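The values are calculated or read from the model by the stated rules, or taken from the named source; none is laboratory data. Computed from a predicted structure; not experimentally measured. Heads up, the Cβs are rebuilt from the backbone with ideal geometry, glycines too, and the neighbour counts pull from every protein chain shown. Side chains included, ligands, DNA and RNA excluded: accessible areas come from the protein's heavy atoms. Shrake-Rupley method; radii C 1.70, N 1.55, O 1.52, S 1.80 Å.
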Amino acid sequence: MDTAGGLDDSSSLPPGFALIAEDPELGPAVASCLAEVEKQLRGAISNSDPLADATSRHLVEAGGKRIRPLLTILASHLGNPTRPEVVQAAVVVELTHLATLYHDDVMDSAPYRRGAPTAHEVWGNSVAILTGDLIFARASILVSELGGEALGIQARTFERLCLGQLHETVGPGKDEDALEHYLSVIADKTGSLVAASGQLGALFADTPREVIDVMVAYGEKVGIAFQLADDVIDVTGLKVKSGKAPGTDLREAVPTLPVILLRRAAAAGDASAAEVIALVDADLTSDAALEKAVSAVRSHPQTQEAWAFAQRWADDAVAALDPLPDSVVKQALASFAQAVVSREV
(Lines give C-alpha, C1' and ligand atoms only; values in the text may rest on other atoms or scores of the structure.)
Protein backbone atom coordinates (compact mmCIF):
# COMPACT_ATOMS: atom_id res chain seq x y z
CA MET A 1 0.00 0.00 0.00
CA ASP A 2 1.49 3.31 -0.99
CA THR A 3 0.51 5.21 2.10
CA ALA A 4 2.52 8.23 1.14
CA GLY A 5 0.40 8.59 -1.96
CA GLY A 6 -2.91 9.08 -0.14
CA LEU A 7 -6.23 7.35 -0.54
CA ASP A 8 -7.49 8.73 -3.82
CA ASP A 9 -7.16 5.25 -5.32
CA SER A 10 -9.10 2.66 -3.34
CA SER A 11 -7.08 -0.13 -4.96
CA SER A 12 -4.09 1.01 -2.86
CA LEU A 13 -5.86 -0.14 0.29
CA PRO A 14 -6.37 -3.66 1.61
CA PRO A 15 -9.83 -5.05 0.79
CA GLY A 16 -12.50 -3.70 3.12
CA PHE A 17 -10.67 -0.49 3.82
CA ALA A 18 -11.69 0.81 0.39
CA LEU A 19 -14.77 2.14 2.20
CA ILE A 20 -12.49 4.68 3.83
CA ALA A 21 -11.28 6.04 0.49
CA GLU A 22 -14.85 6.57 -0.66
CA ASP A 23 -15.82 8.67 2.37
CA PRO A 24 -15.44 12.42 1.61
CA GLU A 25 -14.42 13.32 5.16
CA LEU A 26 -12.72 10.23 6.53
CA GLY A 27 -10.74 9.50 3.35
CA PRO A 28 -8.70 12.72 3.28
CA ALA A 29 -8.21 12.65 7.07
CA VAL A 30 -6.83 9.10 7.02
CA ALA A 31 -4.71 9.86 3.95
CA SER A 32 -3.13 12.82 5.71
CA CYS A 33 -2.34 10.74 8.80
CA LEU A 34 -0.88 7.87 6.77
CA ALA A 35 1.35 10.28 4.86
CA GLU A 36 2.59 11.69 8.15
CA VAL A 37 3.17 8.16 9.48
CA GLU A 38 5.28 7.35 6.44
CA LYS A 39 7.29 10.53 6.90
CA GLN A 40 7.90 9.90 10.59
CA LEU A 41 8.63 6.22 9.95
CA ARG A 42 11.44 7.08 7.59
CA GLY A 43 12.72 9.68 10.01
CA ALA A 44 12.68 7.20 12.88
CA ILE A 45 14.89 4.68 11.07
CA SER A 46 17.36 7.19 9.64
CA ASN A 47 20.84 6.86 11.10
CA SER A 48 24.08 8.79 10.81
CA ASP A 49 25.92 5.49 10.50
CA PRO A 50 25.82 4.57 6.78
CA LEU A 51 25.50 0.81 7.29
CA ALA A 52 22.81 1.09 9.97
CA ASP A 53 20.94 3.57 7.79
CA ALA A 54 21.03 1.28 4.76
CA THR A 55 20.00 -1.86 6.63
CA SER A 56 17.21 -0.09 8.54
CA ARG A 57 15.76 1.42 5.39
CA HIS A 58 15.81 -1.89 3.54
CA LEU A 59 12.33 -3.13 4.46
CA VAL A 60 10.68 0.28 4.73
CA GLU A 61 11.65 1.05 1.16
CA ALA A 62 10.40 -2.36 0.03
CA GLY A 63 6.88 -1.16 0.86
CA GLY A 64 4.14 -2.97 2.72
CA LYS A 65 0.43 -2.70 3.45
CA ARG A 66 0.85 -0.68 6.67
CA ILE A 67 -2.19 -2.48 8.07
CA ARG A 68 -1.16 -1.96 11.69
CA PRO A 69 -0.74 1.83 11.54
CA LEU A 70 -3.92 2.00 9.49
CA LEU A 71 -5.78 0.23 12.29
CA THR A 72 -4.27 2.67 14.80
CA ILE A 73 -5.52 5.61 12.77
CA LEU A 74 -8.96 4.12 12.18
CA ALA A 75 -9.36 3.34 15.87
CA SER A 76 -8.55 6.97 16.64
CA HIS A 77 -11.57 8.01 14.56
CA LEU A 78 -13.76 6.35 17.17
CA GLY A 79 -12.75 9.33 19.35
CA ASN A 80 -10.56 12.40 18.81
CA PRO A 81 -8.19 11.57 15.94
CA THR A 82 -6.35 14.92 15.93
CA ARG A 83 -3.97 14.27 18.82
CA PRO A 84 -0.34 13.98 17.63
CA GLU A 85 0.17 10.92 19.83
CA VAL A 86 -2.00 8.93 17.40
CA VAL A 87 0.50 9.22 14.55
CA GLN A 88 3.43 8.51 16.86
CA ALA A 89 1.69 5.37 18.13
CA ALA A 90 1.08 4.29 14.54
CA VAL A 91 4.79 4.67 13.82
CA VAL A 92 5.62 2.59 16.91
CA VAL A 93 3.50 -0.38 15.85
CA GLU A 94 4.90 -0.37 12.33
CA LEU A 95 8.48 -0.15 13.61
CA THR A 96 7.78 -3.08 15.91
CA HIS A 97 6.33 -5.08 13.03
CA LEU A 98 9.32 -4.29 10.81
CA ALA A 99 11.76 -5.34 13.53
CA THR A 100 10.08 -8.72 13.89
CA LEU A 101 10.37 -9.29 10.14
CA TYR A 102 14.17 -8.94 10.25
CA HIS A 103 14.33 -11.57 12.98
CA ASP A 104 11.71 -13.87 11.43
CA ASP A 105 13.49 -13.91 8.08
CA VAL A 106 16.73 -15.00 9.72
CA MET A 107 15.02 -17.78 11.68
CA ASP A 108 13.09 -18.94 8.62
CA SER A 109 16.07 -18.56 6.22
CA ALA A 110 13.67 -16.64 3.95
CA PRO A 111 15.34 -15.50 0.72
CA TYR A 112 12.82 -12.77 -0.14
CA ARG A 113 10.53 -10.33 1.63
CA ARG A 114 8.13 -8.03 -0.23
CA GLY A 115 9.75 -8.99 -3.51
CA ALA A 116 13.26 -7.95 -2.43
CA PRO A 117 16.16 -10.02 -1.06
CA THR A 118 15.94 -10.26 2.72
CA ALA A 119 18.42 -8.31 4.83
CA HIS A 120 20.29 -11.44 5.92
CA GLU A 121 20.78 -12.41 2.27
CA VAL A 122 22.36 -9.01 1.62
CA TRP A 123 24.34 -8.35 4.82
CA GLY A 124 24.37 -11.67 6.70
CA ASN A 125 22.50 -12.99 9.73
CA SER A 126 24.29 -10.99 12.41
CA VAL A 127 23.70 -7.64 10.72
CA ALA A 128 20.05 -8.50 10.07
CA ILE A 129 19.45 -9.47 13.71
CA LEU A 130 21.18 -6.34 14.99
CA THR A 131 19.14 -4.22 12.59
CA GLY A 132 15.95 -5.69 14.02
CA ASP A 133 17.24 -4.91 17.51
CA LEU A 134 18.05 -1.34 16.45
CA ILE A 135 14.55 -0.82 15.07
CA PHE A 136 13.06 -2.24 18.28
CA ALA A 137 15.16 0.32 20.16
CA ARG A 138 13.81 3.15 18.03
CA ALA A 139 10.26 1.96 18.70
CA SER A 140 11.03 1.89 22.42
CA ILE A 141 12.31 5.46 22.37
CA LEU A 142 9.14 6.67 20.67
CA VAL A 143 6.77 4.74 22.89
CA SER A 144 8.55 5.96 26.04
CA GLU A 145 7.56 9.49 25.00
CA LEU A 146 3.90 8.41 24.93
CA GLY A 147 3.75 7.63 28.63
CA GLY A 148 3.52 4.72 31.02
CA GLU A 149 0.35 3.06 29.74
CA ALA A 150 1.60 2.96 26.15
CA LEU A 151 4.97 1.69 27.36
CA GLY A 152 3.21 -1.11 29.24
CA ILE A 153 1.19 -2.07 26.16
CA GLN A 154 4.35 -2.16 24.05
CA ALA A 155 6.30 -4.17 26.63
CA ARG A 156 3.57 -6.78 27.04
CA THR A 157 3.18 -7.04 23.27
CA PHE A 158 6.93 -7.45 22.83
CA GLU A 159 6.88 -10.20 25.45
CA ARG A 160 4.12 -12.03 23.57
CA LEU A 161 5.95 -11.66 20.25
CA CYS A 162 9.03 -13.29 21.76
CA LEU A 163 7.07 -16.05 23.48
CA GLY A 164 5.16 -16.81 20.30
CA GLN A 165 8.38 -17.20 18.34
CA LEU A 166 9.91 -19.30 21.11
CA HIS A 167 6.93 -21.63 21.33
CA GLU A 168 6.79 -21.99 17.55
CA THR A 169 10.48 -22.86 17.51
CA VAL A 170 10.30 -25.59 20.18
CA GLY A 171 6.90 -26.94 19.11
CA PRO A 172 4.12 -28.37 21.31
CA GLY A 173 4.94 -30.24 24.48
CA LYS A 174 4.50 -33.98 24.79
CA ASP A 175 0.96 -33.75 26.18
CA GLU A 176 0.00 -30.45 24.51
CA ASP A 177 -2.70 -30.39 21.85
CA ALA A 178 -1.15 -29.41 18.52
CA LEU A 179 -4.07 -27.20 17.47
CA GLU A 180 -4.17 -25.33 20.79
CA HIS A 181 -0.41 -24.80 20.59
CA TYR A 182 -0.67 -23.52 17.03
CA LEU A 183 -3.45 -21.06 17.93
CA SER A 184 -1.51 -19.76 20.91
CA VAL A 185 1.53 -19.18 18.71
CA ILE A 186 -0.31 -17.15 16.09
CA ALA A 187 -2.24 -15.25 18.78
CA ASP A 188 1.10 -14.17 20.23
CA LYS A 189 3.02 -13.68 16.98
CA THR A 190 0.28 -11.95 14.97
CA GLY A 191 -2.78 -11.22 17.08
CA SER A 192 -0.94 -9.38 19.85
CA LEU A 193 0.50 -6.58 17.70
CA VAL A 194 -2.69 -6.14 15.66
CA ALA A 195 -4.58 -5.83 18.95
CA ALA A 196 -2.05 -3.31 20.28
CA SER A 197 -2.42 -1.26 17.10
CA GLY A 198 -6.12 -0.71 17.64
CA GLN A 199 -5.67 -0.34 21.39
CA LEU A 200 -3.15 2.49 21.07
CA GLY A 201 -5.24 4.33 18.49
CA ALA A 202 -8.32 4.22 20.69
CA LEU A 203 -6.29 5.11 23.80
CA PHE A 204 -4.77 8.27 22.37
CA ALA A 205 -8.07 9.35 20.83
CA ASP A 206 -9.45 9.52 24.38
CA THR A 207 -12.17 6.97 23.68
CA PRO A 208 -13.99 5.34 26.61
CA ARG A 209 -12.35 2.27 28.12
CA GLU A 210 -15.04 0.00 26.64
CA VAL A 211 -14.11 1.18 23.13
CA ILE A 212 -10.45 0.45 23.80
CA ASP A 213 -11.42 -3.02 24.97
CA VAL A 214 -13.43 -3.57 21.78
CA MET A 215 -10.41 -2.74 19.64
CA VAL A 216 -8.22 -5.13 21.65
CA ALA A 217 -10.71 -7.98 21.20
CA TYR A 218 -11.25 -7.19 17.50
CA GLY A 219 -7.53 -6.85 16.78
CA GLU A 220 -6.61 -10.14 18.41
CA LYS A 221 -9.32 -12.05 16.55
CA VAL A 222 -8.74 -10.45 13.16
CA GLY A 223 -4.99 -11.01 13.51
CA ILE A 224 -5.57 -14.70 14.15
CA ALA A 225 -8.02 -14.92 11.24
CA PHE A 226 -5.46 -13.25 8.98
CA GLN A 227 -2.70 -15.72 9.89
CA LEU A 228 -4.99 -18.74 9.64
CA ALA A 229 -6.00 -17.69 6.14
CA ASP A 230 -2.38 -16.97 5.21
CA ASP A 231 -1.36 -20.48 6.26
CA VAL A 232 -4.24 -22.11 4.34
CA ILE A 233 -3.35 -20.04 1.27
CA ASP A 234 0.23 -21.30 1.44
CA VAL A 235 -0.59 -24.99 1.55
CA THR A 236 -3.37 -24.76 -1.03
CA GLY A 237 -1.06 -23.15 -3.53
CA LEU A 238 -3.31 -20.16 -4.24
CA LYS A 239 -1.64 -17.21 -5.88
CA VAL A 240 -1.56 -14.10 -3.70
CA LYS A 241 0.16 -10.75 -3.83
CA SER A 242 2.57 -11.70 -1.04
CA GLY A 243 4.76 -13.47 -3.58
CA LYS A 244 5.31 -16.40 -1.23
CA ALA A 245 5.89 -19.61 -3.17
CA PRO A 246 3.01 -22.09 -2.76
CA GLY A 247 3.83 -24.92 -0.40
CA THR A 248 6.70 -23.16 1.35
CA ASP A 249 5.38 -24.16 4.77
CA LEU A 250 4.97 -27.78 3.65
CA ARG A 251 8.51 -27.95 2.37
CA GLU A 252 9.89 -26.43 5.58
CA ALA A 253 7.71 -28.71 7.75
CA VAL A 254 6.01 -25.74 9.39
CA PRO A 255 2.82 -26.99 11.10
CA THR A 256 -0.20 -25.08 9.82
CA LEU A 257 -3.94 -25.50 10.23
CA PRO A 258 -4.72 -27.75 7.21
CA VAL A 259 -1.92 -30.17 8.11
CA ILE A 260 -2.85 -30.19 11.80
CA LEU A 261 -6.46 -31.03 10.89
CA LEU A 262 -5.30 -33.69 8.47
CA ARG A 263 -3.12 -35.31 11.15
CA ARG A 264 -6.08 -35.31 13.53
CA ALA A 265 -8.27 -36.95 10.91
CA ALA A 266 -5.60 -39.52 10.07
CA ALA A 267 -5.16 -40.37 13.75
CA ALA A 268 -8.93 -40.85 13.99
CA GLY A 269 -8.83 -43.43 11.18
CA ASP A 270 -9.42 -41.35 8.04
CA ALA A 271 -7.51 -43.32 5.39
CA SER A 272 -7.62 -40.51 2.81
CA ALA A 273 -6.12 -38.07 5.32
CA ALA A 274 -3.40 -40.59 6.14
CA GLU A 275 -2.52 -40.80 2.43
CA VAL A 276 -2.17 -37.04 2.24
CA ILE A 277 -0.02 -36.94 5.37
CA ALA A 278 2.27 -39.56 3.83
CA LEU A 279 2.84 -37.20 0.90
CA VAL A 280 3.35 -34.22 3.22
CA ASP A 281 5.90 -36.12 5.32
CA ALA A 282 7.83 -37.35 2.28
CA ASP A 283 10.95 -35.69 0.88
CA LEU A 284 9.65 -32.45 -0.67
CA THR A 285 12.97 -31.25 -2.03
CA SER A 286 11.87 -31.63 -5.64
CA ASP A 287 9.25 -29.30 -7.10
CA ALA A 288 7.31 -32.30 -8.43
CA ALA A 289 6.99 -33.85 -4.96
CA LEU A 290 5.98 -30.52 -3.46
CA GLU A 291 3.37 -29.92 -6.16
CA LYS A 292 1.90 -33.37 -5.56
CA ALA A 293 1.66 -32.72 -1.80
CA VAL A 294 0.12 -29.28 -2.31
CA SER A 295 -2.45 -30.72 -4.71
CA ALA A 296 -3.37 -33.47 -2.26
CA VAL A 297 -3.80 -31.04 0.63
CA ARG A 298 -5.80 -28.63 -1.51
CA SER A 299 -8.31 -31.26 -2.61
CA HIS A 300 -8.91 -32.87 0.78
CA PRO A 301 -12.09 -31.94 2.72
CA GLN A 302 -10.02 -31.03 5.80
CA THR A 303 -8.73 -28.00 3.91
CA GLN A 304 -12.29 -26.75 3.49
CA GLU A 305 -12.69 -27.23 7.23
CA ALA A 306 -9.57 -25.10 7.67
CA TRP A 307 -11.17 -22.31 5.62
CA ALA A 308 -14.31 -22.61 7.74
CA PHE A 309 -12.18 -22.44 10.88
CA ALA A 310 -10.56 -19.20 9.69
CA GLN A 311 -13.98 -17.83 8.77
CA ARG A 312 -15.23 -18.42 12.31
CA TRP A 313 -12.41 -16.29 13.69
CA ALA A 314 -13.26 -13.54 11.20
CA ASP A 315 -16.91 -13.74 12.22
CA ASP A 316 -15.87 -13.48 15.87
CA ALA A 317 -13.83 -10.38 15.04
CA VAL A 318 -16.87 -8.78 13.44
CA ALA A 319 -19.01 -9.73 16.43
CA ALA A 320 -16.49 -8.03 18.73
CA LEU A 321 -17.41 -4.73 17.06
CA ASP A 322 -21.07 -4.99 18.11
CA PRO A 323 -20.80 -2.51 21.00
CA LEU A 324 -19.61 0.24 18.65
CA PRO A 325 -22.16 2.62 17.10
CA ASP A 326 -22.65 2.28 13.35
CA SER A 327 -20.11 4.28 11.35
CA VAL A 328 -17.93 4.04 8.26
CA VAL A 329 -15.03 3.02 10.52
CA LYS A 330 -17.02 0.14 12.00
CA GLN A 331 -18.15 -0.97 8.54
CA ALA A 332 -14.57 -0.87 7.22
CA LEU A 333 -13.26 -2.87 10.17
CA ALA A 334 -15.98 -5.49 9.66
CA SER A 335 -15.35 -5.61 5.92
CA PHE A 336 -11.63 -6.06 6.45
CA ALA A 337 -12.22 -8.97 8.83
CA GLN A 338 -14.24 -10.76 6.16
CA ALA A 339 -11.76 -9.86 3.44
CA VAL A 340 -8.84 -11.58 5.16
CA VAL A 341 -10.43 -14.99 4.57
CA SER A 342 -11.46 -14.34 0.97
CA ARG A 343 -8.56 -12.25 -0.01
CA GLU A 344 -5.80 -11.09 -2.21
CA VAL A 345 -4.15 -9.09 0.59
Using θ = phi - 60° and Karplus 6.51 cos²θ - 1.76 cosθ + 1.60, couplings along region 317-322 (whole Hz; Gly, Pro as x): 5, 5, 4, 5, 7, 3
Order the following by accessible area, largest value first: 66, 160. Probe radius 1.4 Å; ligands, DNA and RNA are ignored. 160, 66
Averaging sequence separations of C-alpha pairs under 8 Å and six or more residues apart, then dividing by the length of the chain, give the relative contact order as a whole percent. 19
Give me a comma-separated list of calculated 3J(HN,Hα) values for region 71-88, in order, Karplus coefficients 6.51, -1.76, 1.60 applied at θ = phi - 60°, integers in Hz, x for any Gly or Pro. 5, 4, 5, 5, 4, 5, 7, 8, x, 9, x, 8, 5, x, 4, 4, 5, 5
Could you provide, to the nearest whole Å², the per residue accessible area of region 10-110 with probe 1.4 Å? 36
Residue-by-residue Karplus 3J(HN,Hα) for region 296-311, coefficients 6.51, -1.76, 1.60, Hz, glycine and proline x: 5, 5, 4, 8, 7, x, 5, 6, 5, 5, 5, 4, 5, 5, 4, 4
Based on the Cβ-Cβ distance from residue 109 to residue 53, what FRET efficiency comes out when R0 is 25 Å, to the nearest 0.05? 0.50
To the nearest 0.05, the calculated FRET efficiency linking residue 281 and residue 312 through their beta-carbon distance, R0 being 25 Å, is 0.35
Tell me the angle of helix 192-204 to the major Cα principal axis of the chain, expressed in degrees between 0 and 90 and rounded to the nearest ten. 20
Apply 1/(1 + (r/R0)^6) to the Cβ-Cβ distance of residue 170 and residue 126, taking R0 = 30 Å, and write down the FRET efficiency to the nearest 0.05. 0.85
Between helix 50-61 and the chain, what is the angle of the helix's C-alpha long axis to the longest principal axis, kept within 0 to 90° and rounded to the nearest 10? 80
For region 88-209, calculate the relative contact order in percent as a whole number, restricting contacts to Cα pairs under 8 Å that are 6 or more residues apart. 28
Quick check: at a probe of 1.4 Å, how many percent of the accessible area of region 167-272 sits on carbon and sulfur atoms? 55
Taking every alpha carbon pair in the chain and sorting the distances into 20 angstrom bins from 0 up to the bin holding the longest one, the percent per bin comes out as 30, 58, 12, 0
Interchain or sequence-distant (5+) residues whose placed amide H lies within less than 5 Å of the amide H of residue 112 are 118
Using mean Cβ contacts within 10 Å as the protection proxy, how do 314-322, 329-337 order, highest first? 329-337, 314-322
Using only Cα atoms, tell me the angle between helix 209-236 and the longest principal axis of the chain; keep it within 0 to 90° and round to the nearest 10. 40
Solvent-accessible area per residue for region 239-345 (1.4 angstrom probe, square angstrom): 51
Where does each of 122, 185 land when they are ordered by accessible area, with a 1.4 Å probe and the largest first? 122, 185
Let me cross-check residue 123: its accessible surface, 1.4 Å probe, with only protein heavy atoms counted, in Å² to the nearest 10? 80
Under 22 Å between alpha carbons - lysine pairs in the chain that sit 8 or more apart or on different chains: 14
Could you check the simple spin-label distance between residue 326 and residue 299, using points 7 Å along Cα→Cβ, in nm with one decimal? 4.7
